[in-house]
Amino acid sequence: VDGALVEAVKLFQERHGLAVDGIIGRNTLAEINVPISQRIAQMELNMERRRWMPDDLGERYVFVNLADQNLKVVEDDKTVHTARVVVGKPYHATPVFSDKITYAEVNPFWTVPYSIATKEYLPQLQKNPGALAAKGIRIFSGNREVDPWSVAWGSYSRGNFPFTLRQDPGQQNALGRVKFMFPNKFNIYIHDTPAKALFSRAQRSFSHGCIRAEDPFALGGVLLSRDGWDKQKLMSVRDTDKRRVIKLKDPIPVHLTYLTAWVNKDGSVHFRRDIYDRDTVLAKAIANHRRQQL
């Protein structure tokens, strides 16, 4: 009986996005105690979300569920690749939208966003002007590189920071060794990461908004297969340490979604935690709309 019970707990944990260990810990117990009425309401909210999405997602597309922190590549209604992803922490919640992946970049530079440059790196420069050199981050004013020791960092703040910080390609680059671009107003994209340990966690909302993919070269091999690339070929470009942009002949639709409940093709029902409190916001909006209809 114990073996069957452990297997049942593991199945429950898998369907609720928990660490699958067969142990009824605090998180598992919390999910077990969610009343059925709340689960039904959760399913209704997600049926509403599905109505907002196009009926036809494309013959070949990338589907990222932010609530599940997983990515899949679908071709002809079949999932051909899956990957764990790290998404934005609640304060930097990743937005929901659809776009098209148009190119990949191996060994990318990372241009540090203004908010990170001023909030995280400026205080380091004020303490030690050489602090960023070890991270491979260089400082530019326009197109001209600036010697960090020649700048009076104490005279700058978040309101008047005129520099651009750029990290060279390499092992410690914040984007890792490859990124997949679908240019958009949110400046969101899918990329590698040097912080591999986060993928082993059941809950993976740690980024500033972009999507970090596990084994991105395997993902690249799938996305770029029609352009004559596979994982090994991409990794051989990586090993040159030279930046290389690869354009896709046929851009691939990418759908960033937020589904906290869904049914798989095998009929299994899955639930996820509402990490961004978007179920709460949507439930209020629907309730207000219904009141206005009365």
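Summary of values
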read-out	value
Most mobile listed residue (F97, F109, F63) in the chain, GNM with C-alpha springs under 10 Å	F97
Surface per residue (accessible, 1.4 Å probe) for the range 170-263, Å²	46 Å²
Amide hydrogen neighbours beyond the local backbone of F97, cut-off 5 Å, H modeled	L256
Fraction of alpha-carbon pairs over 14 Å apart in the range 57-103 - percent	56 percent
Compactness of the range 168-294, expressed as Rg and Dmax over alpha-carbon positions, Å	19.0, 66
Rel. contact order, % - alpha carbon contacts under 8 angstrom, at least six apart, the chain	27 percent
Reported label for calculated volume of the Cα convex hull per residue in Å³ given [x] 137; [y] 188; [z] 167	[y]
Rounded percent of accessible protein surface that carbon and sulfur make up, the chain, 1.4 Å probe	53 percent
Lysines with Cα under 21 Å of K10, excluding same-chain neighbours fewer than 8 positions away	K265
For the range 56-62, 3J(HN,Hα) per residue [Karplus equation, 6.51 cos²θ - 1.76 cosθ + 1.60, θ = phi - 60°, Hz, x = Gly/Pro]	9, 7, x, 6, 8, 7, 9
Centroid-to-centroid separation of the range 151-169 and the range 61-86 [C-alpha atoms, Å]	37 Å
Residue-averaged [θ]222 nm for the chain, counting only DSSP H segments that reach four residues, each worth -39500 (n - 2.57)	-8000 deg cm²/dmol
Filter on K135/K179; K100/K284; K78/K100 - keep pairs with C-alpha separation over 29 Å	K100/K284
For the chain, built as a Gaussian network whose Cα springs stay under 10 Å, the top-fluctuating residue of L259, L122, L224	L122
Accessible area per residue in Å² at 1.4 Å probe, computed on the range 1-79	62 Å²
Candidates G130, G220, G25: whichever shows maximal mean-square fluctuation once the chain is modelled as a Gaussian network with Cα springs under 10 Å	G25
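The values are calculated or read from the model by the stated rules, or taken from the named source; none is laboratory data. Nothing here was measured: the structure is a model prediction, and the numbers come from that model. In case anyone asks, the SASA skips ligands and DNA or RNA and just uses the protein heavy atoms, side chains included. Shrake-Rupley method; radii C 1.70, N 1.55, O 1.52, S 1.80 Å.
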